[in-house]
1. Within 10 Å, Cβ to Cβ, of residue 218, how many net charges do the neighbouring residues add up to if Lys/Arg are +1 and Asp/Glu are -1?
2. Run the dipole for segment 1-128 about the Cα centre, Lys and Arg Cβ at +1, Asp and Glu Cβ at -1, nothing else charged, and hand back the magnitude in debye, nearest 20.
3. With a Förster radius of 35 Å, plug the Cβ-Cβ distance of residue 211 and residue 253 into 1/(1 + (r/R0)^6) and report the FRET value to the nearest 0.05.
4. Grab the beta carbon distance between residue 6 and residue 147, set R0 = 35 Å, and tell me the FRET efficiency rounded to 0.05.
5. Give me the percent relative contact order of segment 261-357, please, defined on Cα pairs under 8 angstrom at least 6 residues apart.
6. What is the magnitude of the charge dipole of the chain about its Cα centre, with +1 placed on the Cβ of each Lys and Arg, -1 on the Cβ of each Asp and Glu, and no other charges, expressed in debye to the nearest 20?
7. Helix-derived [θ] at 222 nm for the chain: sum -39500 (n - 2.57) over DSSP H runs of at least 4, divide by residue count, nearest 500?
8. Over the chain, with the other protein chains present, what is the accessible area per residue in square angstrom, probe 1.4 angstrom?
Amino acid sequence: MLQPIVAGIVGALTGFASSFALVIAGLLAVGATPAEAASGLLVLCLGQAGLAIALSAAFRLPLSFAWSTPGAALLVAAEGAVGDYRAAIGAFIVCGLLIVITGLIRPLGRAMTRIPMPLAGAMLAGILLPICIAPVTAVVEQPLLAVPVVLVWLALVRLAPRWAVPAAMLVAGIGIVIQANGGFEAASAGALADGSGMPAASLAPALTLTLPALDPLVIASLGLPLFIVTMAGQNVPGFAVLTTLGYPPAPARAVLVSSGLVTAIGAPLGGFAVNLAALTAALMAGPDAHPDRDRRWIAPVAGGVVYVLLGLSAGAATALVTAAPPILIIAVAGLALLGALTTGLVAAFEAPETRLTAAVTLVVVASGVVVAGVGSAFWGLLVGAVVLLVTRARRPRSTGDAEAPAR
(Lines give C-alpha, C1' and ligand atoms only; values in the text may rest on other atoms or scores of the structure.)
Protein backbone atom coordinates (compact mmCIF):
# COMPACT_ATOMS: atom_id res chain seq x y z
CA MET A 1 0.00 0.00 0.00
CA LEU A 2 2.82 2.42 0.86
CA GLN A 3 4.60 2.20 -2.52
CA PRO A 4 1.74 3.60 -4.68
CA ILE A 5 1.06 6.29 -2.09
CA VAL A 6 4.69 7.43 -2.28
CA ALA A 7 4.50 7.34 -6.09
CA GLY A 8 1.39 9.52 -5.99
CA ILE A 9 3.04 12.02 -3.65
CA VAL A 10 6.16 12.22 -5.81
CA GLY A 11 4.10 12.57 -9.00
CA ALA A 12 1.97 15.37 -7.58
CA LEU A 13 4.94 17.29 -6.15
CA THR A 14 6.84 16.93 -9.42
CA GLY A 15 3.90 18.00 -11.57
CA PHE A 16 3.10 21.00 -9.40
CA ALA A 17 6.65 22.27 -8.92
CA SER A 18 7.52 21.83 -12.58
CA SER A 19 4.90 24.15 -14.01
CA PHE A 20 2.86 26.07 -11.41
CA ALA A 21 4.84 29.21 -12.25
CA LEU A 22 3.93 28.82 -15.92
CA VAL A 23 0.24 28.55 -15.01
CA ILE A 24 0.38 31.79 -13.03
CA ALA A 25 2.41 33.57 -15.71
CA GLY A 26 -0.05 32.44 -18.37
CA LEU A 27 -3.10 33.71 -16.50
CA LEU A 28 -1.37 37.03 -15.80
CA ALA A 29 -0.49 37.28 -19.50
CA VAL A 30 -4.16 37.14 -20.56
CA GLY A 31 -5.19 39.86 -18.12
CA ALA A 32 -5.80 38.17 -14.76
CA THR A 33 -4.98 40.03 -11.57
CA PRO A 34 -2.71 38.23 -9.08
CA ALA A 35 -5.80 37.27 -7.04
CA GLU A 36 -7.51 35.87 -10.15
CA ALA A 37 -4.34 33.97 -11.11
CA ALA A 38 -4.17 32.45 -7.63
CA SER A 39 -7.81 31.45 -7.94
CA GLY A 40 -7.04 29.78 -11.27
CA LEU A 41 -4.19 27.75 -9.80
CA LEU A 42 -6.36 26.71 -6.86
CA VAL A 43 -9.33 25.59 -8.96
CA LEU A 44 -7.04 23.67 -11.33
CA CYS A 45 -5.51 21.80 -8.39
CA LEU A 46 -8.95 21.01 -6.96
CA GLY A 47 -10.38 20.00 -10.34
CA GLN A 48 -7.63 17.60 -11.31
CA ALA A 49 -7.55 16.18 -7.77
CA GLY A 50 -11.27 15.45 -7.82
CA LEU A 51 -11.08 13.79 -11.24
CA ALA A 52 -8.08 11.64 -10.30
CA ILE A 53 -9.66 10.45 -7.06
CA ALA A 54 -13.13 9.79 -8.47
CA LEU A 55 -12.24 8.16 -11.81
CA SER A 56 -9.26 6.16 -10.57
CA ALA A 57 -11.35 4.68 -7.75
CA ALA A 58 -14.33 4.06 -10.04
CA PHE A 59 -12.44 2.31 -12.86
CA ARG A 60 -9.56 0.89 -10.79
CA LEU A 61 -7.14 2.41 -13.30
CA PRO A 62 -4.30 4.90 -12.63
CA LEU A 63 -6.04 7.89 -14.23
CA SER A 64 -4.01 10.93 -13.24
CA PHE A 65 -5.05 14.41 -14.36
CA ALA A 66 -3.21 17.69 -14.76
CA TRP A 67 -3.59 21.22 -16.00
CA SER A 68 -2.69 21.70 -19.65
CA THR A 69 0.99 22.67 -19.58
CA PRO A 70 1.05 23.39 -23.35
CA GLY A 71 -2.13 25.37 -22.76
CA ALA A 72 -0.40 27.49 -20.12
CA ALA A 73 2.42 28.09 -22.59
CA LEU A 74 -0.19 29.18 -25.13
CA LEU A 75 -1.54 31.73 -22.64
CA VAL A 76 1.95 33.16 -22.17
CA ALA A 77 2.36 33.37 -25.95
CA ALA A 78 -1.03 35.11 -26.24
CA GLU A 79 0.08 38.09 -24.15
CA GLY A 80 -1.10 41.24 -25.90
CA ALA A 81 -3.59 39.37 -28.07
CA VAL A 82 -6.25 39.22 -25.33
CA GLY A 83 -7.37 42.62 -24.16
CA ASP A 84 -9.94 41.50 -21.59
CA TYR A 85 -9.60 38.70 -19.06
CA ARG A 86 -13.36 38.11 -19.31
CA ALA A 87 -12.89 37.23 -22.97
CA ALA A 88 -10.16 34.76 -22.00
CA ILE A 89 -12.60 33.15 -19.55
CA GLY A 90 -15.09 32.80 -22.41
CA ALA A 91 -12.41 31.06 -24.48
CA PHE A 92 -11.68 28.67 -21.58
CA ILE A 93 -15.37 27.73 -21.42
CA VAL A 94 -15.47 27.09 -25.17
CA CYS A 95 -12.39 24.88 -24.84
CA GLY A 96 -14.06 22.86 -22.08
CA LEU A 97 -17.28 22.43 -24.07
CA LEU A 98 -15.33 21.30 -27.14
CA ILE A 99 -13.62 18.64 -25.01
CA VAL A 100 -17.05 17.48 -23.79
CA ILE A 101 -18.37 17.32 -27.36
CA THR A 102 -15.27 15.38 -28.42
CA GLY A 103 -16.01 12.82 -25.72
CA LEU A 104 -19.68 12.52 -26.68
CA ILE A 105 -19.27 12.35 -30.46
CA ARG A 106 -16.98 9.48 -31.39
CA PRO A 107 -16.27 10.60 -34.99
CA LEU A 108 -15.05 13.94 -33.63
CA GLY A 109 -12.84 12.14 -31.13
CA ARG A 110 -11.37 10.03 -33.92
CA ALA A 111 -10.84 13.15 -36.03
CA MET A 112 -8.93 14.82 -33.20
CA THR A 113 -6.57 11.86 -33.00
CA ARG A 114 -6.00 12.16 -36.75
CA ILE A 115 -4.88 15.79 -36.85
CA PRO A 116 -1.82 15.73 -39.15
CA MET A 117 1.17 15.39 -36.86
CA PRO A 118 3.20 18.00 -38.79
CA LEU A 119 0.52 20.58 -37.93
CA ALA A 120 -0.05 19.53 -34.31
CA GLY A 121 3.64 19.05 -33.55
CA ALA A 122 4.72 22.26 -35.26
CA MET A 123 2.02 24.32 -33.53
CA LEU A 124 3.10 22.92 -30.16
CA ALA A 125 6.77 23.59 -30.95
CA GLY A 126 6.00 27.10 -32.17
CA ILE A 127 4.16 27.91 -28.94
CA LEU A 128 6.94 26.50 -26.79
CA LEU A 129 9.96 27.85 -28.69
CA PRO A 130 9.90 31.44 -27.35
CA ILE A 131 9.50 30.10 -23.81
CA CYS A 132 12.33 27.60 -24.22
CA ILE A 133 14.60 30.42 -25.40
CA ALA A 134 13.95 32.29 -22.13
CA PRO A 135 16.70 30.52 -20.11
CA VAL A 136 19.28 31.92 -22.53
CA THR A 137 17.82 35.41 -22.24
CA ALA A 138 17.59 35.15 -18.45
CA VAL A 139 21.27 34.16 -18.12
CA VAL A 140 22.18 37.38 -19.94
CA GLU A 141 19.66 39.69 -18.25
CA GLN A 142 19.61 38.22 -14.72
CA PRO A 143 22.87 36.23 -14.38
CA LEU A 144 22.98 36.19 -10.57
CA LEU A 145 19.52 34.64 -10.44
CA ALA A 146 19.47 32.57 -13.62
CA VAL A 147 22.92 30.96 -13.71
CA PRO A 148 22.43 28.98 -10.45
CA VAL A 149 19.03 27.84 -11.69
CA VAL A 150 20.44 26.53 -14.96
CA LEU A 151 23.44 24.88 -13.27
CA VAL A 152 21.26 23.05 -10.73
CA TRP A 153 18.91 21.93 -13.50
CA LEU A 154 21.83 20.69 -15.62
CA ALA A 155 23.38 18.76 -12.74
CA LEU A 156 20.14 17.03 -11.82
CA VAL A 157 19.27 16.22 -15.44
CA ARG A 158 22.26 13.90 -15.21
CA LEU A 159 21.84 12.67 -11.62
CA ALA A 160 18.08 12.77 -10.90
CA PRO A 161 16.07 13.90 -13.96
CA ARG A 162 12.74 13.64 -12.16
CA TRP A 163 13.77 16.37 -9.72
CA ALA A 164 15.67 18.66 -12.11
CA VAL A 165 12.90 21.19 -12.71
CA PRO A 166 11.47 21.21 -9.15
CA ALA A 167 15.00 21.82 -7.83
CA ALA A 168 15.52 24.61 -10.36
CA MET A 169 12.25 26.20 -9.22
CA LEU A 170 13.39 25.93 -5.60
CA VAL A 171 16.70 27.65 -6.40
CA ALA A 172 14.81 30.37 -8.28
CA GLY A 173 12.54 30.90 -5.29
CA ILE A 174 15.49 31.19 -2.93
CA GLY A 175 17.10 33.69 -5.27
CA ILE A 176 13.92 35.78 -5.42
CA VAL A 177 13.69 35.91 -1.62
CA ILE A 178 17.37 36.81 -1.25
CA GLN A 179 17.06 39.53 -3.86
CA ALA A 180 14.15 40.96 -1.88
CA ASN A 181 16.45 41.29 1.17
CA GLY A 182 15.40 38.06 2.88
CA GLY A 183 12.15 36.55 4.07
CA PHE A 184 8.96 35.86 2.19
CA GLU A 185 7.21 38.87 3.68
CA ALA A 186 10.02 41.10 2.41
CA ALA A 187 9.69 39.57 -1.02
CA SER A 188 5.97 40.33 -1.06
CA ALA A 189 6.52 43.84 0.30
CA GLY A 190 9.16 44.52 -2.32
CA ALA A 191 6.81 43.40 -5.02
CA LEU A 192 4.07 45.60 -3.64
CA ALA A 193 6.37 48.60 -3.79
CA ASP A 194 6.34 48.48 -7.57
CA GLY A 195 2.70 47.37 -7.77
CA SER A 196 3.41 43.88 -8.99
CA GLY A 197 2.76 41.84 -5.85
CA MET A 198 -0.11 40.75 -3.61
CA PRO A 199 -1.03 41.91 -0.12
CA ALA A 200 -0.21 39.43 2.63
CA ALA A 201 -3.92 38.91 3.39
CA SER A 202 -4.44 37.46 -0.08
CA LEU A 203 -1.93 34.68 0.57
CA ALA A 204 -4.82 32.67 2.00
CA PRO A 205 -6.51 30.42 -0.59
CA ALA A 206 -9.53 32.05 -2.21
CA LEU A 207 -11.66 31.56 -5.34
CA THR A 208 -12.37 34.64 -7.42
CA LEU A 209 -15.32 34.61 -9.83
CA THR A 210 -15.02 36.41 -13.18
CA LEU A 211 -18.03 36.60 -15.47
CA PRO A 212 -17.15 35.50 -19.02
CA ALA A 213 -17.44 37.44 -22.26
CA LEU A 214 -17.70 35.69 -25.62
CA ASP A 215 -15.39 37.39 -28.11
CA PRO A 216 -15.22 35.54 -31.47
CA LEU A 217 -11.68 36.77 -32.11
CA VAL A 218 -10.41 35.59 -28.73
CA ILE A 219 -12.21 32.26 -29.17
CA ALA A 220 -10.47 31.81 -32.53
CA SER A 221 -7.02 32.88 -31.34
CA LEU A 222 -7.12 31.34 -27.86
CA GLY A 223 -10.04 28.97 -27.32
CA LEU A 224 -9.61 26.78 -30.41
CA PRO A 225 -5.79 26.50 -30.15
CA LEU A 226 -6.16 25.76 -26.42
CA PHE A 227 -8.52 22.91 -27.26
CA ILE A 228 -6.17 21.53 -29.91
CA VAL A 229 -2.97 21.65 -27.84
CA THR A 230 -4.79 20.19 -24.84
CA MET A 231 -6.10 17.29 -26.90
CA ALA A 232 -3.02 16.71 -29.06
CA GLY A 233 -0.41 17.57 -26.44
CA GLN A 234 -1.99 16.07 -23.31
CA ASN A 235 -5.09 13.88 -23.72
CA VAL A 236 -3.97 11.81 -26.71
CA PRO A 237 -0.47 11.15 -25.25
CA GLY A 238 -2.10 10.41 -21.88
CA PHE A 239 -4.19 7.63 -23.40
CA ALA A 240 -1.11 6.40 -25.28
CA VAL A 241 0.94 6.15 -22.05
CA LEU A 242 -1.68 3.91 -20.46
CA THR A 243 -1.81 1.68 -23.54
CA THR A 244 1.98 1.46 -23.66
CA LEU A 245 2.06 0.35 -20.02
CA GLY A 246 -0.28 -2.54 -20.82
CA TYR A 247 -3.61 -1.26 -19.51
CA PRO A 248 -6.92 -1.95 -21.27
CA PRO A 249 -8.37 0.97 -23.26
CA ALA A 250 -9.09 3.81 -20.87
CA PRO A 251 -12.70 5.04 -20.61
CA ALA A 252 -12.24 7.83 -23.14
CA ARG A 253 -15.80 9.14 -22.96
CA ALA A 254 -15.77 9.40 -19.15
CA VAL A 255 -12.32 11.02 -19.14
CA LEU A 256 -13.07 13.60 -21.83
CA VAL A 257 -16.60 14.49 -20.73
CA SER A 258 -15.68 14.84 -17.06
CA SER A 259 -12.48 16.81 -17.70
CA GLY A 260 -14.29 19.04 -20.20
CA LEU A 261 -17.06 19.75 -17.69
CA VAL A 262 -14.53 20.51 -14.95
CA THR A 263 -12.79 22.90 -17.36
CA ALA A 264 -16.01 24.68 -18.37
CA ILE A 265 -17.32 24.93 -14.79
CA GLY A 266 -13.94 26.01 -13.39
CA ALA A 267 -13.25 28.52 -16.16
CA PRO A 268 -14.97 31.52 -14.45
CA LEU A 269 -12.65 30.86 -11.50
CA GLY A 270 -9.56 30.81 -13.76
CA GLY A 271 -9.29 27.10 -14.60
CA PHE A 272 -8.26 27.22 -18.25
CA ALA A 273 -7.95 23.48 -19.03
CA VAL A 274 -7.85 20.17 -17.15
CA ASN A 275 -6.87 17.00 -18.98
CA LEU A 276 -5.55 13.47 -18.66
CA ALA A 277 -1.95 13.68 -17.50
CA ALA A 278 0.75 12.84 -20.01
CA LEU A 279 3.95 14.25 -18.53
CA THR A 280 3.51 12.71 -15.06
CA ALA A 281 1.31 9.73 -15.96
CA ALA A 282 4.23 7.32 -16.16
CA LEU A 283 5.21 8.14 -12.56
CA MET A 284 1.83 7.01 -11.26
CA ALA A 285 1.00 4.26 -13.75
CA GLY A 286 4.40 2.63 -14.29
CA PRO A 287 6.15 -0.24 -12.49
CA ASP A 288 7.70 2.16 -9.96
CA ALA A 289 4.22 2.83 -8.59
CA HIS A 290 3.68 -0.86 -7.70
CA PRO A 291 4.73 -4.23 -9.15
CA ASP A 292 1.06 -5.24 -9.28
CA ARG A 293 -0.65 -3.28 -12.05
CA ASP A 294 -4.01 -3.66 -10.28
CA ARG A 295 -2.73 -1.69 -7.28
CA ARG A 296 -1.39 1.31 -9.15
CA TRP A 297 -4.73 3.13 -9.19
CA ILE A 298 -3.97 4.08 -5.58
CA ALA A 299 -1.14 6.37 -6.77
CA PRO A 300 -3.29 9.02 -8.52
CA VAL A 301 -5.75 8.91 -5.61
CA ALA A 302 -2.89 9.75 -3.23
CA GLY A 303 -1.63 12.33 -5.71
CA GLY A 304 -5.09 13.90 -5.80
CA VAL A 305 -5.05 14.38 -2.03
CA VAL A 306 -1.63 16.03 -2.30
CA TYR A 307 -2.91 18.35 -5.06
CA VAL A 308 -5.67 19.55 -2.75
CA LEU A 309 -3.04 20.49 -0.17
CA LEU A 310 -0.84 22.10 -2.81
CA GLY A 311 -3.80 24.13 -4.03
CA LEU A 312 -3.97 25.78 -0.62
CA SER A 313 -0.58 27.35 -1.37
CA ALA A 314 -1.86 29.05 -4.53
CA GLY A 315 -1.84 32.52 -2.98
CA ALA A 316 1.72 32.20 -1.72
CA ALA A 317 2.87 30.70 -5.03
CA THR A 318 1.33 33.60 -6.93
CA ALA A 319 2.94 36.16 -4.62
CA LEU A 320 6.32 34.53 -5.25
CA VAL A 321 5.83 34.58 -9.03
CA THR A 322 4.64 38.20 -9.11
CA ALA A 323 7.61 39.26 -6.97
CA ALA A 324 10.09 37.72 -9.42
CA PRO A 325 11.55 39.19 -12.62
CA PRO A 326 9.19 37.83 -15.31
CA ILE A 327 12.07 36.51 -17.42
CA LEU A 328 13.24 34.29 -14.53
CA ILE A 329 9.84 32.60 -14.18
CA ILE A 330 9.58 32.02 -17.93
CA ALA A 331 13.15 30.69 -17.90
CA VAL A 332 12.28 28.00 -15.34
CA ALA A 333 9.22 27.13 -17.41
CA GLY A 334 11.43 26.92 -20.48
CA LEU A 335 13.65 24.36 -18.79
CA ALA A 336 10.55 22.33 -17.87
CA LEU A 337 9.26 22.43 -21.44
CA LEU A 338 12.41 21.43 -23.31
CA GLY A 339 11.23 17.82 -23.40
CA ALA A 340 7.84 18.82 -24.76
CA LEU A 341 9.56 21.04 -27.36
CA THR A 342 11.68 18.09 -28.46
CA THR A 343 8.58 15.90 -28.77
CA GLY A 344 6.83 18.54 -30.86
CA LEU A 345 9.82 19.01 -33.16
CA VAL A 346 10.25 15.27 -33.70
CA ALA A 347 6.56 14.87 -34.49
CA ALA A 348 6.62 17.87 -36.82
CA PHE A 349 9.71 16.97 -38.85
CA GLU A 350 9.68 13.17 -38.75
CA ALA A 351 8.16 12.70 -42.22
CA PRO A 352 10.37 14.20 -44.99
CA GLU A 353 7.42 14.94 -47.30
CA THR A 354 5.74 17.26 -44.78
CA ARG A 355 8.76 19.10 -43.39
CA LEU A 356 8.00 22.25 -45.36
CA THR A 357 4.48 22.29 -43.90
CA ALA A 358 5.89 21.85 -40.42
CA ALA A 359 8.47 24.59 -40.90
CA VAL A 360 5.90 27.10 -42.15
CA THR A 361 3.51 26.29 -39.31
CA LEU A 362 6.27 26.58 -36.71
CA VAL A 363 7.61 29.95 -37.85
CA VAL A 364 4.15 31.50 -38.13
CA VAL A 365 3.15 30.32 -34.64
CA ALA A 366 6.52 31.28 -33.11
CA SER A 367 6.33 34.76 -34.70
CA GLY A 368 3.67 35.82 -32.22
CA VAL A 369 1.90 37.95 -34.82
CA VAL A 370 -1.61 39.21 -34.17
CA VAL A 371 -3.68 39.82 -37.31
CA ALA A 372 -7.23 41.18 -37.12
CA GLY A 373 -7.13 40.56 -33.38
CA VAL A 374 -6.40 36.85 -33.83
CA GLY A 375 -3.19 35.34 -32.45
CA SER A 376 -0.44 33.44 -34.21
CA ALA A 377 -1.47 29.92 -33.10
CA PHE A 378 -4.62 30.15 -35.23
CA TRP A 379 -2.80 31.65 -38.21
CA GLY A 380 -0.06 29.05 -37.98
CA LEU A 381 -2.60 26.25 -38.18
CA LEU A 382 -4.43 27.93 -41.05
CA VAL A 383 -1.31 28.68 -43.09
CA GLY A 384 0.11 25.23 -42.34
CA ALA A 385 -3.10 23.57 -43.53
CA VAL A 386 -2.98 25.54 -46.78
CA VAL A 387 0.66 24.58 -47.36
CA LEU A 388 -0.16 20.95 -46.61
CA LEU A 389 -2.99 20.93 -49.14
CA VAL A 390 -0.84 22.59 -51.81
CA THR A 391 2.17 20.34 -51.32
CA ARG A 392 0.01 17.20 -51.24
CA ALA A 393 -1.65 18.28 -54.47
CA ARG A 394 1.80 18.43 -56.10
CA ARG A 395 2.38 14.74 -55.25
CA PRO A 396 6.11 14.47 -56.03
CA ARG A 397 7.11 11.21 -57.68
CA SER A 398 9.36 10.20 -54.80
CA THR A 399 10.59 11.40 -51.45
CA GLY A 400 14.08 11.62 -52.86
CA ASP A 401 12.89 13.93 -55.66
CA ALA A 402 10.97 16.08 -53.18
CA GLU A 403 13.95 16.43 -50.88
CA ALA A 404 16.70 16.75 -53.51
CA PRO A 405 18.39 20.18 -53.61
CA ALA A 406 18.15 22.30 -56.70
CA ARG A 407 21.06 21.98 -59.14
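1. -1
2. 520 debye
3. 0.70
4. Approximately 0.60, to the nearest 0.05.
5. RCO, segment 261-357: 10 percent.
6. 1240 debye
7. Rounded to the nearest 500, the figure is -22500 deg cm²/dmol.
8. Per-residue value: 42 Å².
The values are calculated or read from the model by the stated rules, or taken from the named source; none is laboratory data. Not measured: the values here are computed from a predicted model. Virtual Cβ from ideal backbone geometry, glycine too; neighbours counted across all protein chains shown. Heads up: the accessible areas ignore ligands, DNA and RNA and are worked out on the full protein's heavy atoms, side chains in. Shrake-Rupley method; radii C 1.70, N 1.55, O 1.52, S 1.80 Å.
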